[in-house]
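Worksheet: one structure, shown below.
The values are calculated or read from the model by the stated rules, or taken from the named source; none is laboratory data. Values in this document were obtained by computation on a predicted structure and should not be read as measured data. Neighbour counts are summed over all protein chains in view; Cβ atoms, including those assigned to glycine, are modelled from backbone coordinates with ideal geometry.
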Amino acid sequence: MKVEIWSDIACPWCYIGKRRFEKALSGFEHAAEVTVLWHSFELDPASPRVREGNPTRSLAEKYGISLEQAAEFQDRMTRAAAGEGLNFNFPALRPGNTFDAHRLLHLATDQGLGNALHERLFAAYLCEGQAIGDRNVLARLAAEAGVEPHRARDLLDSNACGDQVRADEEQAAALGISGVPFFVIDRTYGLSGAHPAEQLLAALRQAWSEQPRPAQAPEGGKAESAAASCEGGSCDIPAR
């Protein structure tokens with residue numbers, strides 16, 4: 001069984017979704033026979049490499065809400081993350097363009113380090129306040145995840161793996177994916193958003209029980225109801 005996941009490092013729901021999927025997979029009886037493939041998705045491809053400024057104020061301006069409402073949004077998002085064992089730190093957030101991060105993720109995946117680098121980048125950005133668009137920061141984080149430092153630096157100094165990022169995004173468009181995280185199981189089941197682990201596990205079990213089956217795009221197969229996600233630079237607000 002193959003599970004494909006479209007996500008963006010800049011998406012808090014993607015990190016929460018990663019944790020929930022890992023929990024689901026740990027309880028899946030056939031986990032050893034599941035191949036997980038991550039795909040690139042940029043929520044804000046026009047973003048500068050590093051965006052300076054107060055994160056709470058930027059959020060308020062983006063949503064057209066007050067500073068108090070923006071702070072409450074961040075607090076609720078932080079509580080949702082804490083429920084999955086994640087310590088989000090929105091006041092320290094340093095947003096930026098994620099294209100280079102995605103290029104590095106393709107390099108890491110080729111070395112069998114894709115999951116390790118995903119984890120390191122998510123934690124660095126959402127929990128540690130590190131600038132995810134800064135190439136020096138990215139090179140260091142890649143090395144911390146096990147990528148050979150000279151290979152990470154060579155990639156960042158070139159255009160390498162850019163075509164792979166664009167190919168992932170073209171696949172997303174072809175499949176009708178507009179928000180992340182988005183899970184696709186054997187190109188038959190499509191799940192939009194950070195579903196609870198129990199729902200993800202149920203989807204894995206159902207997909208497994210229906211093998212063999214013809215492969216098809218998720219919109220032509222079976223889809224679950226949408227869960228919280230990020231789309232077009234904006235994220236769903238968690239329930240209180």
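Annotations for the structure displayed:
- Positions within the range 71-127 being more than 24 Å from GLY53 (Cα to Cα), among the charged types (D, E, K, R) and outside any helix (DSSP H, G or I), in sequence order: GLU84
- For the range 57-83, the set of residues classified as touching a Pro at 6+ places or on another chain (Cβ under 8 Å), free of Cβ contacts under 8 Å to residues at least 40 places away in the same chain and surrounded by fewer than 18 Cβ atoms within 10 Å (Cβ to Cβ) consists of SER58 only.
- Only a single criterion out of (1) at pLDDT 95 or above; (2) assigned to a helix (DSSP H, G or I) is not satisfied by GLN130, namely (2).
- Residue satisfying all of: in the range 99-120; in contact with a strand residue (DSSP E or B) (Cβ under 9 Å, 6 or more places away or on another chain) and surrounded by fewer than 24 Cβ atoms within 10 Å (Cβ to Cβ); nearest to CYS14 (Cα to Cα) among these: HIS118
- Of the residues examined, ILE16 is one that is closer than 19 Å to LEU117 by Cα and not in a strand (DSSP E or B).
- Top-ranked residue in the range 133-158 [being out of contact with any Pro (no Cβ under 6 Å at 6 or more places or on another chain), in a helix (DSSP H, G or I) and small (Gly, Ala, Ser); ranked as farthest from ALA80 (Cα to Cα)]: ALA152
- Test: residue in the range 127-141 that is touching a residue at least 12 places away in the same chain (Cβ under 8 Å), closer than 30 Å to GLN199 by Cα and either crowded, with 18+ Cβ neighbours inside 10 Å or of a type in the set (Phe, Trp, Tyr) (or both): no
- Residue match in the range 18-31 (condition: under 20 Å from ASP163 (Cβ atoms), crowded, with 18+ Cβ neighbours inside 10 Å and touching an Asp or Glu at 6+ places or on another chain (Cβ under 6 Å)): no
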